[in-house]
Amino acid sequence: EEVGVDTYHHTMFEMLGNWSFGDYFKKEAIAWSWELLADVYQIPKDRLYVTVFEGDDKENIPKDEEAYNEWKKVISEDRILLGNKKDNFWEMGETGPCGPCTEIHIDRTPNKTGGKLVNAGVPEVMEIWNLVFIQFNRNEDRTLTPLPAKHVDTGMGFERVTAVLQGKDSNYDTDVFTPIFAAIREVTKGPAYGGSLTNQVDIAYRVLADHIRTLVFSLSDGGTPGRAGRGSVIRSVLRRAELFGWLAFNMREPFLHRLVPAVVSHMSGAFPDLKRNPEKVREVIYEEERSFLRTIERGLKVYGEAATRAKANKNVISGADAFTLHTEQGFYIDITEKIATDNGLTVDRAEFERLLEEFKKISGEGHKK
């Protein structure tokens, strides 16, 4: 639901990284990341901030002094910020390998005063690289045991660093997306993209460009739309894109499948698997579109009835109404929440989740194979 509303989140993104399994650790990873960003890419040093894990007394995890001291060698201390467990500690699950991480953020404010906006979720100051230091094992009793070998897993967002290097305020203004935008305009016959964060057509451009990439890649990789698990994610992304096409571009016929050739042409040089069977990908998207379009008008009518009831209920659409839209009309919860937000309403998400869990148990969807 963040995709399209802002300019730097994606449902599919490319991750650039380097990994070490016991060969090197914080000293090298930090030095090399700084060398790449500051010396090779020549990103101005006075636009970079880093965050380091501050420690957590409650869980008996110390501050990451080692990373802090390594950063002091290349960046002034006023640009090293301390972050909490939510932002600067990585865990793969309830148990297993984990450790502190240090993030690199870029300040794109005009007067370079973005330090206070780090991790504030604003496009002016954006995380571009996360260095995860895997040095502990989380035990079942929640205690931590140091690992015999220390590992590094770093990830830099390709779309984000491309925007930085091309001097763009938005990922969508880079040549990663502009060819897909051109295809969207040709297919929808809509107005030109204007880059607005509030205009529904511009939001729709970003949604469609992002979502069609996700669909083409996931379907090319063998994913299929479905009711549960990863299949439901593919279906949800497709239906969200279809809804934006309906609302912003007045598209009443299947159209997403017509964007497949643009994605394949644009990205198959780097990802040759996209050429394997693009016609099958197009057919799968087309059939899903046809199926959803048969119900979308009815779903919007049912939503309208729910919205009317919501206005008598503190502008909150009940979880029961959201559940009905989800199970009977094919309006996944993110679709209902999107339309509700546009109408100044909210959705009782907690009640919806409770009803959905009950439904899964009764229907057998919750059973593990």
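On the stretch given as the stretch 226-247, residues that are open to solvent by less than 30 Å² (accessible area, probe 1.4 Å) and either modelled with pLDDT of 95 or more or not polar (S, T, N, Q) (or both) total 13. Condition check for Ile203 on (1) within 11 Å of Ala248 (Cβ to Cβ); (2) loosely packed, with under 14 Cβ neighbours inside 10 Å: one failure, at (2).
Residues in the stretch 73-120 that are open to solvent by 70 Å² or more (accessible area, probe 1.4 Å), free of Cβ contacts under 8 Å to residues at least 12 places away in the same chain, under 24 Å from Val164 (Cα atoms) and not in a loop (DSSP other than H, G, I, E, B): Glu77, Lys116. Selection within the stretch 139-197: residues that are in contact (Cβ under 8 Å) with a residue 60 or more places away in the chain and aromatic (Phe, Trp, Tyr). The member of this set that is least open to solvent (accessible area, probe 1.4 Å) is Tyr172.
The residues of the stretch 205-238 that are of a type in the set (Ser, Thr, Tyr), more than 19 Å from Leu274 (Cβ to Cβ) and either within 15 Å of the chain's Cα centre (by Cα) or not in a helix (DSSP H, G or I) (or both) amount to a single one, Ser236.
On the stretch given as the stretch 153-196, residues that are more than 30 Å from Phe25 (Cα to Cα) and within 17 Å of the chain's Cα centre (by Cα) total 5.
Determine whether Phe53 is in contact with a Phe, Trp or Tyr (Cβ under 8 Å, 6 or more places away or on another chain) and closer than 29 Å to Thr178 by Cα. No: the conditions fail for Phe53. Taken as a whole, the structure places Phe25 among residues that are of a type in the set (A, V, I, L, M, F, W, C), in contact with a strand residue (DSSP E or B) (Cβ under 9 Å, 6 or more places away or on another chain) and over 18 Å from Ile106 (Cβ atoms).
Scan the stretch 39-72 for residues that are out of contact with any strand residue (DSSP E or B) (no Cβ under 6 Å at 6 or more places or on another chain), without any contact (Cβ under 8 Å) to a residue 40 or more places away in the chain and on the phi < 0 side of the Ramachandran plot and the total you get is 12. Asp202 satisfies every condition listed in (1) modelled with pLDDT of 95 or more; (2) closer than 30 Å to Glu28 by Cβ; (3) part of a helix (DSSP H, G or I) except (2).
Considering the stretch 258-271, the residues that are of a type outside the set (A, V, I, L, M, F, W, C) and open to solvent by 20 Å² or more (accessible area, probe 1.4 Å) include one that is nearest to Ile285 (Cα to Cα), namely Arg258. For the stretch 121-138, a residue qualifies if it is surrounded by fewer than 18 Cβ atoms within 10 Å (Cβ to Cβ) and either in contact with a helix residue (DSSP H, G or I) (Cβ under 6 Å, 6 or more places away or on another chain) or over 29 Å from Ile212 (Cβ atoms) (or both), and the qualifying residues are Glu124, Asn137. Of the helices (runs of 4 or more DSSP H) lying entirely inside the stretch 280-369, those containing at least 2 residues that are out of contact with any Phe, Trp or Tyr (no Cβ under 7 Å at 6 or more places or on another chain) and open to solvent by 90 Å² or more (accessible area, probe 1.4 Å) are 349-363. Checked across the stretch 63-86, the condition of being within 19 Å of Phe21 (Cα to Cα) and modelled with pLDDT of 90 or more holds for at least one residue.
The values are calculated or read from the model by the stated rules, or taken from the named source; none is laboratory data. Nothing here was measured: the structure is a model prediction, and the numbers come from that model. Don't worry about glycine lacking a Cβ; one is built from the backbone with ideal geometry, like all the others, and counts go over all protein chains shown. Heads up: the accessible areas ignore ligands, DNA and RNA and are worked out on the full protein's heavy atoms, side chains in. Shrake-Rupley method; radii C 1.70, N 1.55, O 1.52, S 1.80 Å.
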